[in-house]
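*Asks:* Mind having a look at this structure? Questions to follow.
The values are calculated or read from the model by the stated rules, or taken from the named source; none is laboratory data. These numbers were taken from a predicted model, which means no experiment stands behind them. Positions of Cβ are generated from backbone atoms using ideal geometry, with glycine treated the same way; all protein chains shown enter the neighbour counts. Calculation scope for accessible area: heavy atoms of the full protein, side chains included, ligands and nucleic acids excluded. Shrake-Rupley method; radii C 1.70, N 1.55, O 1.52, S 1.80 Å.
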Amino acid sequence: MKAIRIENLTKTYKGQAVLDGVSLEVPEGGTLALFGASGAGKTVLLRCIAGAVEPDAGRILLGGEDVTGLPPEARGIGMAFQNFALFPHMSAEANIASPLEARRSSRAQILDGVGRVARLLKIDHVLGHHPKALSNGQKQRTALARALVAEPDVLLLDDPLRNVDAKLRFEMRLELPRLLADRGATVIYVTQDYKEAMAIGQSIAVLDEGRIAQIGTPEDIYLRPASIGIARLFGEPVINLLDVIPERDERGVHVRLSDQKLYLAPGYEAAVGRAAVIGLRPEALHFAEHGIPVEIEAETPFNEKTVTLTQTKRGRELFVSRPAGTPAPSEGSARISAAAENAILFDRLTGQRIVPVLHAREAAA
Amino acid sequence: MTHQSPLERLLRGLALVLVVCFFIFPILWIVLMSFQTNETILRSPPSVVFRPTVSNYAAIISGHLDSNVASMGIEFMRNLMNSVILSAGSVALSLVLGVPAAYAFARHKFRGSEDIAFTLLSFRFAPPLLVLLPLTLYFQQIGLADTYLGLIWVYQLICLPLILWIVRGYFEDISPDIEHAYRIAGHSWFSTFCRISLPLAGPGIAAAALLAFIFAWNNFVFALVLASADKQPVTVGALAFVTASGIQYGQIAAAVVLSILPVLALALYAQRYLVEGLSLGAVKG
């Protein structure tokens, strides 16, 4: 096991900074989900770590050893590519065996290692096939098996579930965390799917235009996103964002939504009077007797939940989410109230989250 | 397959037959000629009915050209051997030089790489005679004139650009990720080149080598100027059949058939490999 440490990594292509001073750390045996839109630099970062791309500046340390200048074959990494990158002229077995061959293992060791990982990934029946004879799911598993077979200390998975069908993706999303935990390797898992990032990562790094926008636990990122942009990336349907100006009265700091006062959790004194944006997750809103008056526009079943699109008097749209099958008005007028403790406040100008400052007295209370 | 009516199939077949006839006819006619004597070839009107004779082949292989006027020796078999040596030698040298160069041009964009690649291609634009005159002078001074080595060197003008540019395209088509994957698995750069890049570009290398071989085989003017009798390939050697006593059509035809055979055999052999390679494309886009 080796910890991964990236220091100030920078890579420029044609004057465009693809990675701009990226620093991050994954502890030994940890799993980091690297999340970001396409073009954010996730794949380039992974390739820098693997040695397939040379960074312009910065350092990469694996287990405390600086590997920045080392060729890929000297880094002891396992990597699964998004496009699988299987060797088309070799059988699945030869594909999986290649890392063991490079380590000059004996024939028996190779057969044993390949057989074990193939059984684990349920591809032992197609080992003799060439990649073109494999289904996408089998290709993906073959690529994964190739990355795992030599039991590398560091495992890089570049969106391995991108090109497989929905059913397999769902299965693998459940299976992978256990598989990775069993291996004990330090993992960086690249994905564009926030659900995948939250299911697989012990921590999540959000990459945006070549910079790390936030690193934290899945809970951190979801409940305390660092900026409006990140808040919008996580969650379905998307977070409700409303322009507000926090005010204060004798009960505390509140915002006005359709003339209804919504009292915020303590700690937002500094936000009073500032142009702000309040973020309310759809599941933090619910229909109630009292609250913000809205008109119901549409209702959409969303598997395990039902999402209602509503409109306030001032024409602002709000998504309200509730567990499927629970009663709720489906048309006409209604009122919604919000769980204020789950509200997130952002600065309207910078888009950054306004962090509540808890004084010792309030924290104790 | 789309459905075809019988009439459509018939017309399609007919069209194919016509096209094949058009291309095969000259070769067929040459083959027929090679089994005839000069008299039967030159009779008017021509006829496909004749008593076949192998005297033309016998004359060429034994090296004795007997015409109705006189007897003379020719060295056609030696020319054929020269052709094989020159073509195979120059293709082999081109592969050794061109394949690694093509890989470099495909994978590593360095300063001036495009210019160098284009300069190499531009050798094909220059009229051969333009380079031949100065080359003849140089070669005579440094002792390369009339040697296999010198000819093979000059033949690089034909083979190298061809192999370089065709193979480069094949290397570019290989996803770099496949090479990265092999190196990350722990293999060295050289091992990756040999085990991944070369096999995957194999069909392209075979096609380029075959083409280069044909071009080298058919070359006339380099050998005409730079080689003396004992180094001349078939293309130049065939001139010997134009004798003072007339043109020996039968023997020329036999010589042509003999000189086509090696290339044809090579093409048939390489074809299997080409088709096999083309069905290999299994990289997901």
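So that you can scan it fast, the table gives a plain yes or no per residue for (1) among the hydrophobic types (A, V, I, L, M, F, W, C); (2) within 13 Å of A:Ala343 (Cβ to Cβ); (3) open to solvent by 10 Å² or more (accessible area, probe 1.4 Å):
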{"residue": "A:Arg274", "(1), (2), (3)": "no, no, yes"}
{"residue": "A:Glu283", "(1), (2), (3)": "no, yes, yes"}
{"residue": "A:Ala288", "(1), (2), (3)": "yes, no, yes"}
{"residue": "A:Glu299", "(1), (2), (3)": "no, no, yes"}
{"residue": "A:Phe302", "(1), (2), (3)": "yes, no, yes"}
{"residue": "A:Thr308", "(1), (2), (3)": "no, no, no"}
{"residue": "A:Lys313", "(1), (2), (3)": "no, no, yes"}
{"residue": "A:Arg316", "(1), (2), (3)": "no, no, yes"}
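*Asks:* Also, quick follow-up: So, in region A:157-167, how many residues would count as being open to solvent by 20 Å² or more (accessible area, probe 1.4 Å) and either without any contact (Cβ under 8 Å) to a residue 60 or more places away in the chain or acidic (Asp, Glu) (or both)?
*Replies:* 3
*Asks:* Enumerate the helices (runs of 4 or more DSSP H) found wholly within region B:118-201, keeping only those where 2 or more residues are polar (S, T, N, Q) and at pLDDT 90 or above.
*Replies:* In region B:118-201, B:189-192 are the helices (runs of 4 or more DSSP H) which contain 2 or more residues that are polar (S, T, N, Q) and at pLDDT 90 or above.
*Asks:* Before we move on, is B:Leu42 outside the structural domain of B:Thr243 (by TED's automatic domain parsing) and over 27 Å from the mean Cα position of the chain (by Cα)?
*Replies:* So B:Leu42 fits the description; yes.
*Asks:* Where in region A:230-309 are the strands (runs of 3 or more DSSP E), entirely inside, with at least 3 residues that are among the acidic types (Asp, Glu)?
*Replies:* Of the strands (runs of 3 or more DSSP E) lying wholly inside region A:230-309, those with at least 3 residues that are among the acidic types (Asp, Glu) span A:285-302.
*Asks:* Count, please, the residues in region B:173-188 that happen to be more than 7 Å from every other protein chain (Cβ to nearest Cβ) and either open to solvent by 30 Å² or more (accessible area, probe 1.4 Å) or more than 17 Å from A:Met90 (Cα to Cα) (or both).
*Replies:* Final tally of qualifying residues: 2.
*Asks:* Now for a separate question. All but one of (1) modelled with pLDDT of 90 or more; (2) more than 21 Å from A:Ile230 (Cα to Cα); (3) among the polar types (S, T, N, Q) hold for A:Asn303, so report the exception by its number.
*Replies:* Going through (1) modelled with pLDDT of 90 or more; (2) more than 21 Å from A:Ile230 (Cα to Cα); (3) among the polar types (S, T, N, Q) one by one, A:Asn303 breaks only (1).
*Asks:* Taking into account only those residues within region B:229-285 that are among the charged types (D, E, K, R) and part of a helix (DSSP H, G or I), which is modelled with the lowest pLDDT?
*Replies:* Filtering first and then ranking leaves B:Glu276.
*Asks:* Same structure again: Suppose we keep only residues that are surrounded by fewer than 22 Cβ atoms within 10 Å (Cβ to Cβ) and free of Cβ contacts under 8 Å to residues at least 40 places away in the same chain within region B:193-217. Which one would you say is farthest from the other protein chains (Cβ to nearest Cβ)?
*Replies:* Across region B:193-217, the extreme among qualifying residues is B:Cys194.
*Asks:* Right, something else. Tell me, which strands (runs of 3 or more DSSP E) wholly within region A:168-221 include 1 or more residues that are open to solvent by 30 Å² or more (accessible area, probe 1.4 Å) and basic (Lys, Arg)?
*Replies:* Correct list: A:211-216.
*Asks:* Could you please find all residues in region B:82-132 being farther than 14 Å from B:Trp165 by Cβ, open to solvent by 10 Å² or more (accessible area, probe 1.4 Å), touching a Leu at 6+ places or on another chain (Cβ under 9 Å) and not aliphatic (A, V, I, L, M)?
*Replies:* Selection gives B:Gly89, B:Pro128.
*Asks:* If I filter region A:115-133 down to residues being open to solvent by less than 70 Å² (accessible area, probe 1.4 Å) and more than 29 Å from the chain's Cα centre (by Cα), which single residue comes out as farthest from the other protein chains (Cβ to nearest Cβ)?
*Replies:* A:Gly115
*Asks:* Just give me the residues in region A:1-29 being surrounded by 15 or more Cβ atoms within 10 Å (Cβ to Cβ), in contact with an Asp or Glu (Cβ under 7 Å, 6 or more places away or on another chain) and not in a strand (DSSP E or B), in sequence order.
*Replies:* A:Lys2, A:Ala3
*Asks:* I'm trying to understand the selection: among the residues of region A:168-191, which are over 23 Å from A:Leu61 (Cα atoms) and touching a residue at least 60 places away in the same chain (Cβ under 8 Å)?
*Replies:* A:Pro177
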